[in-house]
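Shown next, in structure tokens, is the structure this report addresses.
The values are calculated or read from the model by the stated rules, or taken from the named source; none is laboratory data. Predicted, not measured: the structure shown is a model, and the values here were computed from it. Heads up, the Cβs are rebuilt from the backbone with ideal geometry, glycines too, and the neighbour counts pull from every protein chain shown.
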Amino acid sequence: MIRTVVTSAALALTLGLVSGHSLASDEAQASDTATVVFYREGDTSRTRQLNFHTFADGEQLGRLKANSPVAAQVEAGEATLRTSIPDSERLDITLQPGQTYYVRTVVEKLGNKVISKLQLVEEQVALSAESLKGAAI
């Protein structure tokens, strides 16, 4: 079961931008879920306008736009992360309960073909990304 976090306040808590709360005290820590944060990096003028969905094990998490990350609670355990862009990379990962995982998503347009590449990154790398700094939270 996947539960999508849809409020900007929840994303702010996930990213540690709201004082007085910690992710450890939230429902994600108490249950058997992990937080997955998809964000975009390296967009060009040819890819910036492209919006697409993110998925974990076939269930839609949210629509990923430039400078608008998607954060979702995903059941802990083995998961396959992907986007709705055909023929794009998938990311197989083992999610631990209460942990937060950052997935850098790079979109490339090669002629008429569009692909996305997913890469798991450390929190420090993710939080330095322009798309998370500019997020409307």
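If we keep just the residues of the stretch 115-127 that are β-branched (Val, Ile, Thr) and closer than 14 Å to residue 42 by Cα, which is surrounded by the fewest Cβ atoms within 10 Å (Cβ to Cβ)? The selected residue is 125. Residues that are surrounded by 13 or more Cβ atoms within 10 Å (Cβ to Cβ) and outside any loop (DSSP other than H, G, I, E, B) were ranked within the stretch 128-137; the one that is modelled with the lowest pLDDT is 131.
For the stretch 27-36, does any single residue satisfy the condition of being part of a loop (DSSP other than H, G, I, E, B), modelled with pLDDT of 90 or more and closer than 17 Å to residue 82 by Cα? Within the stretch 27-36, none of the residues are part of a loop (DSSP other than H, G, I, E, B), modelled with pLDDT of 90 or more and closer than 17 Å to residue 82 by Cα. Within the stretch 50-62, the residues that satisfy the criterion of being without any contact (Cβ under 8 Å) to a residue 60 or more places away in the chain and part of a strand (DSSP E or B) are 53, 54, 55, 56, 59, 60, 61, 62. What's the total number of residues in the stretch 41-61 that are small (Gly, Ala, Ser) and on the phi > 0 side of the Ramachandran plot? Count: 2.
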